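Comments concern the structure below.
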Amino acid sequence: MSNVKELIGIEYDPYSFEVEKGKIKEFAMAIGDDNPIYYNLESAQIEGFKRIPIPLTYLTVIDLWGGYGFQEKMEKLKLNVTNILHGEQEYEFLKDVYAGDILTVTAKVTKVETKKGTLGGMDLITTESKYTNQNGELVAISKNVLIQLH
Amino acid sequence: MYFEEIKVGHSFPNIKKEEITRIQLVKYAGASGDFNPLHTVEEAGEQAGTGIIAHGMLIMGMTAQGITSWIPRKYVKKLNVRFKKMTFPGEVIQISGRVLEKKENKLVVCEVFAKNSEGEVKVSGTFEAILPSKEKVS
């Protein structure tokens, strides 16, 4: 990419994916998170949830299984896979997200900064994703910062 | 847990995770859908010059586990982390955290770290939670 600033405003095609109970369990188990709210409806309800909720980092499952894999994302942004690092990640929840919900995601590149860091020159590419449930409610927003080393 | 009970500067109990294994990275790859070969394929790790490295998002997941062991998941509204260092199979991650600030509307801001046994910071970040209050809501 000749001018990395040109990435600003690039939008991904929207994608939808269902939040699955079995996938929540698989994800929590892979992390080694034994919080019973992710495995058991009764435990989730005791904590005040209607159904089984998602772990704080679960939306990555929606993105990677439902949307763009890492390679596809790199192609879309025309970035070179070998000098890309995941710099920063943020999740903000506006409403609870439950097993059984169907989320639709819209994502776009919102910011590109060029900096000098400890690893030399780098571009910081921020993608913001918005997650809407089947009732049309905005439930979460994520920010992902990729670092492209020069 | 109530907003009034939380003190600025309070440190949460450290959560010590089990040693990261290659099997765990395979499980996390499948669960998350992140099949970057750097996390599971020996040759890809060698080619990159790093060896096999753990998914940064796995360490963030462990960080989230720590947070929701301190404060119920229901109350946690925001988590932001920076990935500082690569993590390798065989390392043991510990999650630590501390209350930074109490704000209006029962919001607490806390910091969180994932470090290895030597104290090297792998992930650092902040999280926000909205806690219930002892005050009666009119």
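Computed from the coordinates by the stated procedures, all read-outs in this text should not be read as laboratory data. Quick caveat, the model's predicted, so the values are computed rather than measured. Cβ sites come from the backbone with ideal geometry, for glycine too, and all protein chains shown count toward neighbours.
Numbers at a glance
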{"quantity": "Cα-based Rg / Dmax (Å) for segment B:38-112", "calculated": "16.0, 52"}
{"quantity": "MRE, 222 nm, helices only [DSSP H, n ≥ 4, -39500 (n - 2.57), over chain B, to nearest 500]", "calculated": "-7000 deg cm²/dmol"}
{"quantity": "B:Met86 versus B:Glu111: modelled label distance in nm, points set 7 Å from Cα along the beta carbon direction", "calculated": "2.7"}
{"quantity": "Fewest-first ranking of B:Met60, A:Met122, B:Met1, using other Cβ atoms within 10 Å as the exposure measure", "calculated": "B:Met1, A:Met122, B:Met60"}
{"quantity": "Sites excluded, GluC sites (Glu not before Pro) in DSSP loops with at most 13 other C-beta within 10 Å, longest stretch of chain B", "calculated": "B:20-117"}
{"quantity": "Candidate lysines for bridging to B:Lys122, where Cα separation is under 24 Å - those fewer than 8 sequence places away on the same chain excluded", "calculated": "A:Lys115, A:Lys116, A:Lys143, B:Lys16, B:Lys17, B:Lys27, B:Lys77, B:Lys78, B:Lys84, B:Lys85"}
{"quantity": "For segment A:73-84, 3J(HN,Hα) per residue [Karplus equation, 6.51 cos²θ - 1.76 cosθ + 1.60, θ = phi - 60°, Hz, x = Gly/Pro]", "calculated": "5, 4, 5, 4, 8, 6, 9, 8, 3, 6, 10, 10"}
{"quantity": "Sorted by Cβ density within 10 Å, fewest first, the residues A:Tyr58, A:Tyr68", "calculated": "A:Tyr68, A:Tyr58"}
{"quantity": "Residues of type aspartates and glutamates that B:Lys102 reaches as a straight line, Cα spacing below 13 Å, ignoring anything fewer than 8 places off in the same chain", "calculated": "B:Glu4, B:Glu5, B:Glu111, B:Glu128"}
{"quantity": "5 angstrom amide H check on B:Ile93, placed H, neighbours 5+ away", "calculated": "B:Lys17, B:Ile20"}
{"quantity": "GNM result for chain B, Cα springs below 10 Å: residue of B:Gly97, B:Gly33, B:Gly66 fluctuating most strongly", "calculated": "B:Gly33"}
{"quantity": "Helix B:56-70 axis, angle to chain B major axis (alpha carbon atoms, nearest 10°)", "calculated": "30"}
{"quantity": "Between 0 and 90°, nearest 10: helix A:21-31 axis offset from chain A longest Cα axis", "calculated": "60"}
{"quantity": "Distribution of pairwise C-alpha distances over segment A:31-85, 10 Å bins, in %", "calculated": "20, 32, 24, 17, 7"}
{"quantity": "Ranked list, fewest to most other Cβ atoms within 10 Å of each Cβ, for A:Trp65, B:Trp70", "calculated": "A:Trp65, B:Trp70"}
{"quantity": "Cα extents of segment A:4-149 along the three principal axes, largest first (Å)", "calculated": "51, 32, 23"}
{"quantity": "Alpha-carbon Rg/Rh ratio, for segment B:1-128, with Rh computed the Kirkwood way", "calculated": "1.04"}
{"quantity": "Tail beyond 30 Å, pair distance distribution of the protein assembly as shown (Cα, percent)", "calculated": "30"}
{"quantity": "In sequence order, calculated HN-Hα J values of segment A:104-113 (Karplus, 6.51, -1.76, 1.60; Hz; x Gly/Pro)", "calculated": "10, 10, 10, 9, 8, 6, 10, 8, 9, 10"}
{"quantity": "Label point 7 Å beyond Cα of A:Arg51 along Cβ direction - residues of segment A:86-106 with amide nitrogen under 16 Å", "calculated": "A:95-104"}
